[in-house]
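So the structure is just underneath, and the comments pick up after that.
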Amino acid sequence: MVDFGDGLEITYVMGGLAREFEADLSSLVIQWLDDAAESGMPLDPRVWQHDGVRSTYPACIAFRAAAEQGASAASRYLRVLREGFMCHGRKLDGPEALVTEARRAGLDAQRFRIDLESNAILEAFAADLEETRTIPDGAREAGLATEGSHGSNVERLAFPALRLIPDGDGLEEHWLGGDHSYEDWRAAAIAAGAKPSDGPSPDVSAALGRFGSMATAELEAVCDLPGPRAGAEIWRLASEWRARRVPVLNSELWEPA
């Protein structure tokens with residue numbers, strides 16, 4: 001979003017990770033801890049301590065409902081869902097909880113509730129599921145085909161899967177996954193015809209002002225401040241009451257104060 005600006009159009013496809021989670025969720029706790037260690041992102045796996053969530057399908061459907069209020073609303077809502085579930089331990093698999101998250105994201109909650117119950121939204125999610133269960137050759141070659149899990153034996157794309165559709169003749173489509181580095185994603189986007197923005201990276205204050213809530217690892221990437229520099233700058237802003245720390249287990253998110 002920052003590196004390419006308007007030169008790259010992002011379309012989200014909701015893959016429905018689990019129609020129903022299995023009874024033994026201990027493996028998910030370990031997976032989350034491993035993901036947090038590798039990515040540097042804050043995660044709190046205690047959401048799985050009790051009932052966890054029954055299914056990811058309701059949240060996927062809710063994202064489709066949020067998209068009826070525009071791309072910006074959908075992006076804000078997806079971020080709120082991710083933080084609510086993975087950082088704050090909210091059980092986001094029922095309509096009331098999902099409507100509450102819509103309010104947090106600044107959506108029209110009444111319209112969202114109506115859309116959430118509409119057949120058109122269910123059909124949109126069904127189309128997303130069908131797309132993620134159709135494995136093109138390029139995705140197979142990139143190692144992105146996997147067997148279904150958590151109650152489904154249907155082959156599907158591995159998540160996350162990034163499909164870069166070229167903008168122009170003579171350019172090739174590229175498929176990448178979550179195991180690829182951002183440098184790989186960036187190079188594939190350029191190969192598909194996207195042009196990086198010419199401007200400098202935003203400073204930490206500007207990045208927080210744009211995105212509202214960020215992890216230190218995100219500030220490092222967005223602001224091009226590797227190593228301890230992003231952490232030092234965000235703590236300086238916090239000491240001046242210009243940023244607020246939101247604890248997440250033994251890590252944190254940052255918000256404008």
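Please name which of 221, 80, 247 has its Cα lying farthest along the dipole of the chain towards the positive end, using unit charges on Cβ (Lys, Arg +1; Asp, Glu -1) and the Cα centre as origin. Working it through, the farthest residue towards the positive pole turns out to be 247.
Accessible surface of the chain, 1.4 Å probe: 50 percent of it comes from carbon and sulfur atoms. Fully extending the segment from residue 127 to residue 29, taken as 0.36 nm per residue of separation minus the present Cα-Cα distance, adds 32.2 nm. Shown are 128, 198, whose ranking by accessible area with a 1.4 Å probe and every protein chain present, most to least, is 198, 128. Seen from residue 135, the other residues with C-beta closer than 11 Å to its C-beta sum to a net charge of -1, counting Lys and Arg as +1 and Asp and Glu as -1. The candidates 132, 100, arranged from most to least accessible area with a 1.4 Å probe in the full protein assembly, appear as 100, 132. The range 83-99 and the range 176-205 have their alpha-carbon centroids 30 Å apart.
Converting phi to 3J(HN,Hα) with the Karplus coefficients 6.51, -1.76 and 1.60 and the offset θ = phi - 60°, the range 57-68 yields 4, x, 5, 5, 5, 5, 4, 4, 5, 4, 5, 5 Hz in sequence order, with x at every glycine or proline.
Only Lys, Arg, Asp and Glu carry charge here, each on its Cβ (+1 for the first two, -1 for the last two); on that basis the range 61-156 has a dipole of about 520 debye about its Cα centre. Judged by the ratio a/c of the largest to the smallest principal axis of the C-alpha gyration tensor, the range 119-208 counts as prolate, that ratio being 1.5 or greater while a/b is larger than b/c. Between residue 46 and residue 9, the modelled label-to-label distance comes to 4.4 nm, taking each label 7 Å out from Cα in the direction of the beta carbon.
In a fully extended conformation the segment linking residue 72 and residue 250 would gain 61.0 nm over its present Cα-Cα distance, using 0.36 nm per residue. Each label point was placed 7 Å from the Cα along the Cα-to-Cβ direction; for residue 104 and residue 19 their separation is 2.9 nm.
Please work out whether the range 1-158 counts as rounded, prolate or oblate from its C-alpha gyration tensor, where a ≥ b ≥ c are the square roots of the eigenvalues and a/c under 1.5 means rounded, while otherwise a/b larger than b/c means prolate and anything else oblate? Taking the square roots of the gyration eigenvalues as a ≥ b ≥ c, the range 1-158 is rounded. Please state the shape class of the range 100-257: rounded when a/c is under 1.5, otherwise prolate if a/b exceeds b/c and oblate if not, all from the C-alpha gyration tensor. Cα axes put the range 100-257 in the oblate bin. Rounded to the nearest 20 debye, the dipole size of the chain about its Cα centre is 1060 debye, using +1 on the Cβ of Lys and Arg and -1 on the Cβ of Asp and Glu. Gain on full extension, evaluated as 0.36 nm per residue between residue 206 and residue 155 minus their Cα-Cα distance, stands at 14.1 nm. Computed from point charges on the beta carbon alone (+1 for Lys and Arg, -1 for Asp and Glu), the dipole magnitude for the range 128-204 about its Cα centre is near 140 Debye. Across the range 1-22, the residues whose backbone nitrogen lies under 19 Å from the label position 7 Å along the beta-carbon direction of residue 186 are 1-10.
Rolling a 1.4 angstrom probe over the protein heavy atoms with all chains in place gives the chain an accessible area of 57 Å² per residue.
The values are calculated or read from the model by the stated rules, or taken from the named source; none is laboratory data. Since this is a predicted model, take the numbers as computed values, not measurements. Glycine also receives a Cβ, built like all others from the backbone with ideal geometry; neighbour counts cover every protein chain displayed. Calculation scope for accessible area: heavy atoms of the full protein, side chains included, ligands and nucleic acids excluded. Shrake-Rupley method; radii C 1.70, N 1.55, O 1.52, S 1.80 Å.
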